[in-house]
Amino acid sequence: MNVSEKILDFKKNLPEKCTLVAVSKTKPSSLILDAYQSGHRDFGENKAQELTSKFDELPKDIRWHMIGHMQRNKVKYIAPFVHLIHGVDSFKLLKEIQKQAEKVDRVIDCLLQVHIAQEETKFGLDEVEVMEILTGSDLADLKNIRIKGLMGMATNTSDEAKVLREFEGLRNLFDKLRASDLPPNAQMETLSMGMSGDFKIAITAGSNMIRVGSLLFGDRNYN
Ligand SMILES: *Cc1c(COP(=O)(O)O)cnc(C)c1O
């Protein structure tokens, strides 16, 4: 199967309300264009520079997802076109996104990244910090920001029960926030969790957006 067929095949088995973000990091634009032929439009990248050059080269109706750690000094490059920033992990970063979004007269959709894995290395907020951002009086002032939900990455382990517990923890936080009073520019609609190795568990736990790379595009070569 070519990549376009793989994507169609993969989407056939997804729940209707689950959005696939095809993670194309390190892959050439030509391969993304092949994938685009399937009609798929949501693609994810984890580096601002790579994202910007692929945006330049590829059709403009692609919805580009920034899924990696977002450095504040790089926001300006992606602000003009990015569809959704998944990895927001501080209020300081939100303020920078606000500043750059205002400059280009856009409202930028963001997800708060929550730290659910055991590993130290994964970025993200804890539950208290998420609450502080969402209930603080400052968020409503960020008129060019819309918080659309949460994102998380589980521990990279073969212990599926552990992965399920982590995803369910995030789902519980999502549900709790959904039932609470949020500022007008924050809505709990999107729960981004699940990658090639754990998307099935994530869907069981209630994910409605999965980020899948290697399963569709093949293994990545970082040399
Ligand atoms: C690379 C990456 C993915 C996709 O990983 P695969 O295992 O290739 O599916 C998903 N989410 C994030 C944040 C990533 O950096």
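The values are calculated or read from the model by the stated rules, or taken from the named source; none is laboratory data. As the structure is a computational prediction, the values presented were derived from the model and not from experiment. As a convention, Cβ positions derive from the backbone with ideal geometry for all residues, glycine included, and neighbour counts pool all protein chains shown.
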- Item | Filtered residue count, segment 5-40, keeping only those that are of a type in the set (Lys, Arg) and under 14 Å from Gly218 (Cα atoms) | 3
- Query: Of (1) closer than 28 Å to Lys143 by Cα; (2) modelled with pLDDT of 95 or more, Gly194 satisfies all except one. Which?
  - Reply: (1)
- Message: Suppose we filter Ser196, Ser214, Ser158, Ser207 for residues that are buried (at least 16 other Cβ atoms within 10 Å of the Cβ) and within 16 Å of the ligand (Cβ to nearest atom); which single one remains?
- Response: Ser207
- Query: Within segment 1-59, which residues are exposed (fewer than 14 other Cβ atoms within 10 Å of the Cβ) and in contact (Cβ under 8 Å) with a residue 40 or more places away in the chain?
  - Reply: Pro15, Lys17
- Subset of segment 32-50 (residues that are more than 14 Å from the ligand (Cβ to nearest atom) and not small (Gly, Ala, Ser)): Ile32, Leu33, Asp34, Tyr36, Gln37, His40, Arg41, Gln49
- Name every residue in segment 190-213 that is touching a residue at least 60 places away in the same chain (Cβ under 8 Å) and of a type in the set (Ser, Thr, Tyr), in order of residue number. Thr190, Ser192, Ser207
